[in-house]
1. Quick check on the stretch 61-207: what does the Kirkwood estimate of hydrodynamic radius come out to from the alpha carbon pairs, in Å?
2. Using 22 Å as the Cα-Cα cut-off, could you pick out the over-long pairs in Lys360/Lys574; Lys89/Lys424; Lys318/Lys504; Lys202/Lys226; Lys89/Lys360?
3. Would you mind ranking Met490, Met423, Met398 by Cβ crowding within 10 Å, fewest neighbours first?
4. Please give every one of the aspartates and glutamates within straight-line cross-link reach of Lys69, meaning a C-alpha to C-alpha distance under 18 Å, and leave out same-chain neighbours fewer than 8 residues apart.
5. Going by how many other Cβ atoms sit within 10 Å of their own, how do Met87, Met495, Met162 line up, fewest first?
6. Would you mind checking the tilt of helix 385-397 against the longest principal axis of the Cα atoms of the chain, expressed as 0 to 90 degrees and rounded to 10?
7. For helix 344-356, what angle does its Cα long axis make with the longest principal axis of the chain, in degrees from 0 to 90 and rounded to 10?
8. Less than 12 Å Cβ to Cβ from Ile420, Lys/Arg counted +1 and Asp/Glu -1: what total charge do the surrounding residues give?
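FYI, it's all coordinate maths here, none of it is from the lab. Just so we're clear, the structure is a prediction, and the values are computed from it rather than from any experiment. No Cβ is skipped: glycine too gets one built from the backbone with ideal geometry, and neighbour counts run over all protein chains shown.
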Amino acid sequence: MKNVITILILLHSIIYNVFAQTFYSPNKDIAVAISSEAGKFYYNIKFQNKIVLEKSALGLVRRDADFSKDLSLVSIDKPKIIKDKYMLKTGKKSQVNYRANRVVVHLKNAANQPLDIIFQLSNDGVAFRYYFPEKSNDVKFITEEKTSFNFQSNAVAWLQPMSHAQTGWEHSNPSYEEHYQKEIPVGTPSPRAGWVFPALFKIVDNVYVAVTEADLDGTYCGARLKVESPEGEYQIGFPEAPEVFTGGELLPNAALPWYSPWRILTIGSLKTVTESTLGTDVAKPAIKLPKTDWIQPGIASWSWILLKDESINYDTTKLYIDYAARMHWKYYLIDADWDRRMGYEKVKELSKYAESKGVKLLLWYNSAGAWNTTPQHPRNMLLTAESRRKEFQRVKDMGIAGLKIDFFAGDGQSMIQYYIDIMKDAGEIGLLLNFHGATLPRGWQRTYPHLMTVEAIHGQEMITFGQGSANEQPRHSATIPFTRNLFDPMDFTPMVLDSIPRIKRVTTQGFELALTVLFTSGIQHLAETPFGMAKQSEDIIHYLQILPVQWDETHFIDGYPGNYVVLARRAGKKWYLCGINAEKTEKTLNLDLAFLKGKQGYSFEDVGHNQVEKKMMNAGSKTMIKLLPNGGFVAVF
């Protein structure tokens, strides 16, 4: 009887192409099982023997061939250890060591065309990508990616809806500027065009998964999760038709051989996920540049955020240059319409003045072609390589340090290629970059280290436009360290200590000070005006004069997405501790600061809505701190 059962199992496996094999992370905590049924391949993931992903789909569909069905296994390479060390100019760590087990699964479709799936399992997650190893002279198009992430029904998620293309102000969406839906049941449909990356999921108590992608090289579009996720299964989705460079392609396309971007799942405790660098670990190494000494992170003053369009003039610019100089900040950003309000010659004069004060200027540009109707200038200067490089060289010769480029069209393949063309040209000429009205950078800051920051967030600008955004700021700010700002620099442009015109600020001064450490950005544009700063104590001013934006190390201390968060970041020998409370009641935290034991420092803690008090602070294994509703603190050791 046993022999009959064995024969039946073998026949079933042959007829239905059943196959299964499991791979492990270096510490064995993460297990990925690959299986096939009836010519379709799947994967599932366990963490410490707990199910993280149920059976999830693999495969792609090309216009000329289908790699999602009628697949068969050719071979599986033996696991190979991958080790990498790299430096980051921006982010939660400056020196990163990456170690993973790499497994390559070789498949073929019904037409005997090969497809490889490359898995890399590290102790903090799983990354995988597709590879077409054949060579071709003609360009291939991918019309659909079947990759899915199938969560159990009891999981919850923190997800940001993707805006529909060409909606919003002057048809400028999508710009990754929606509020997150917090702790929602998996399977909840998106109210718009899908869900953006990174997407955070809680599986069971203190087991989390953050899903994102990395290594967009210009041949692929930026992806998102589809609108519908039946029974908690989220599939990779592609952009909407208008999300292209004028006349360009929407869908992924390239000649063979061809790699897809990495699909990334960071897995583990909230501490593991928050401290992970997996979003840059699998990005391409930094491009070679003639020089790199000009790539200098720093703080910038910025008039437009609170004073708006009328502040783009000669006198206000000089005022803000002087402000930056007093604060020992590296930069001042001149925003939109500077060419019409002041002109190149005046800006050149201001650049020389700024240089005399030890400050460098940043200039705003409109990326726009025909994809939106934004009227701000300079516009249409960057659309061709010839025009773009000529303009870049012109402002570089004026002494300009970097550019803020705004109003991109979305995530189509041709628009992603436009970003990359800009980054390559700016790197060769020697200009820092900040993208606004933009996509998630997806690890580009490693490959292009002069990419200082990217907006892609419902940030301080939106708070100045409406009370609703101001009211949501506490919970929003307590969500984005675990989502948008998890791997990539974010130009939120934080910190208003005094007041916002026409808006009631609901956060405390301690909360606003905490954001200067909580949010990472290669250039941190601080929103406070010189007039508001003049009202602050000498202690606060001194803190902001020596505040770093390059971090060597980050520790997650405590928190829960959307409710509260406490992080510690190290710059050189100093540790900066920050925390915010997004809840409507006072919160008392007993923090484990044993890693700082013996260190003395000072903190700024709320003693009212608009007042902080400087206190001496001793770190230890049990350090108690009270946070007001919508309050926060920052400490330096």
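1. Details: mean 1/r = 0.0524 Å⁻¹.
About 19.1 Å, per the Kirkwood formula over Cα pairs.
2. Lys360/Lys574; Lys318/Lys504
3. Values: Met490 27, Met423 21, Met398 17.
Ascending number of Cβ neighbours within 10 Å: Met398, Met423, Met490.
4. Glu37, Asp116, Glu144, Glu145
5. Details: Met87 12, Met495 23, Met162 27.
So the residues, fewest neighbours to most, are Met87, Met495, Met162.
6. Long axis of 385-397 versus the principal axis of the chain: about 30 degrees.
7. Tilt relative to the chain: about 80 degrees.
8. Details: positive: Lys284, Lys424, Arg442; negative: Asp215, Asp217, Asp421, Asp425.
With Lys, Arg at +1 and Asp, Glu at -1, the neighbours total -1.
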